[in-house]
Amino acid sequence: MRDEIAALQEAMGTEGYIADPAIATALFLAREMRRPLLIEGDAGVGKTEIAKVLARLLETELIRLQCYEGLDVSTALYEWNYQRQMLRLRLAEDEGKSGEEIEDLIFGRRYLLERPLLRAITRVEGPPVLLIDEIDRADDAFEAFLLEVLSDFQVTIPELGTIRAEHVPHVVLTSNRTREIGDALRRRCLYLYIEHPTLEKETRILRARVPQAGERLSEEIARFMAALRRRRLSKAPGVAETIDWAQALLRLHREHLDRETVEATLGCVLKDHHDLRELSGGDLESVLAEATAR
């Protein structure tokens, strides 16, 4: 098993995702045990990317359900194509079909609009990766419905009956912890918490994702981000911001950090005006000194 986990960790690296053993082990077990994997952590630490990398490694479809406040079952599961149904209804009436025949016609699978959850259950080409992103943004009622779907991987549509999964999908759920996820859903899942990366890991990530940055710039960016996260910020920057900043500095043809460039590009890193205001003057000088110390 250790060899398989190491191979998975290496394969993720070839896809540009630097995974530590805990991440590779959790993903391996979720895949082998056919259990959903709940991943929590701050925004930008690479939770969503895990599902994308898994889909690429398995060469399968990534089906994404983006959660938000007010998300309902019809948006996540299915809707009827009302316009097509009405058109077929008129044609059927002109053809003189009975009410029962019309009902059978317009409530067929061809008039069903599959939303992410139903698409994941009905896919026949093999198991997809189902990404349920930011489940903490949905409400308790939707979470309860989701628990039922993930328990049996089947749904009941009144007009069609019960539809069971052709292939059980690989399920990844992410949460930024804006609200607490219920215990019932947690028990259904394997669990992984991702911290902000260590200095060494963030440097490796930059070398993998932005290799043009060079050794000196990559190390300075990683040290700057590590020092920045030790400050009291309302929104600590994640790896996504690190990569964006490195790409921005490359476009400005910078090979190392200097105060003028850092001040001009802080909007790539900090996304809150209070944080931008706090990191000024001597504090910025201190962070920059930590980053550029040789």
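Of (1) at pLDDT below 90; (2) hydrophobic (A, V, I, L, M, F, W, C); (3) under 21 Å from the mean Cα position of the chain (by Cα); (4) crowded, with 18+ Cβ neighbours inside 10 Å, LEU112 satisfies all except one. Which?
Of the numbered conditions (1) at pLDDT below 90; (2) hydrophobic (A, V, I, L, M, F, W, C); (3) under 21 Å from the mean Cα position of the chain (by Cα); (4) crowded, with 18+ Cβ neighbours inside 10 Å, the odd one out for LEU112 is (3).
Of the residues ARG204, ARG188, ARG277, ARG254, only one is surrounded by 13 or more Cβ atoms within 10 Å (Cβ to Cβ), among the charged types (D, E, K, R) and free of Cβ contacts under 8 Å to residues at least 60 places away in the same chain; which?
So the residue among ARG204, ARG188, ARG277, ARG254 that is surrounded by 13 or more Cβ atoms within 10 Å (Cβ to Cβ), among the charged types (D, E, K, R) and free of Cβ contacts under 8 Å to residues at least 60 places away in the same chain is ARG254.
Out of (1) touching a residue at least 60 places away in the same chain (Cβ under 8 Å); (2) touching a His at 6+ places or on another chain (Cβ under 9 Å); (3) closer than 30 Å to ALA291 by Cβ, the odd one out for PRO127 is which?
The number of the failed condition is (3).
Suppose we filter THR162, THR198, THR174, THR178 for residues that are in contact with a strand residue (DSSP E or B) (Cβ under 8 Å, 6 or more places away or on another chain) and loosely packed, with under 15 Cβ neighbours inside 10 Å; which single one remains?
Answer to the selection: THR162.
Residues that are at pLDDT below 90, within 19 Å of the chain's Cα centre (by Cα) and closer than 29 Å to ILE50 by Cα: does segment 78-94 have at least one?
No, there is no match, as no residue in segment 78-94 is at pLDDT below 90, within 19 Å of the chain's Cα centre (by Cα) and closer than 29 Å to ILE50 by Cα.
Under 18 Å from the mean Cα position of the chain (by Cα) and over 19 Å from TYR78 (Cβ atoms): is that true of ILE221 in this structure?
Judged against the criteria, ILE221 is not a match.
Please work out if LEU228 is part of a loop (DSSP other than H, G, I, E, B), within 25 Å of the chain's Cα centre (by Cα) and of a type outside the set (Asp, Glu).
On the way: part of a loop (DSSP other than H, G, I, E, B): no; within 25 Å of the chain's Cα centre (by Cα): yes; of a type outside the set (Asp, Glu): yes.
Against the criterion (part of a loop (DSSP other than H, G, I, E, B), within 25 Å of the chain's Cα centre (by Cα) and of a type outside the set (Asp, Glu)), LEU228 does not qualify.
Within segment 259-273, track down each residue that is in contact with a helix residue (DSSP H, G or I) (Cβ under 9 Å, 6 or more places away or on another chain) and part of a helix (DSSP H, G or I).
ARG259, THR261, VAL262, GLU263, THR265, LEU266, GLY267, CYS268
Scan segment 136-168 for residues that are part of a strand (DSSP E or B) and more than 15 Å from THR75 (Cα to Cα) and report the count.
Initially, segment 136-168 is screened for residues part of a strand (DSSP E or B), giving 154-157, 161-164.
Next, from what is left, pick out any that are more than 15 Å from THR75 (Cα to Cα): 154, 156, 161-164.
Adding up the residues that qualify gives 6.
The values are calculated or read from the model by the stated rules, or taken from the named source; none is laboratory data. Only a predicted model underlies this, so the values are computations on that prediction, with no experimental measurement involved. Reconstructed Cβ throughout: ideal geometry from the backbone, glycine too, with neighbour counts over all protein chains shown.
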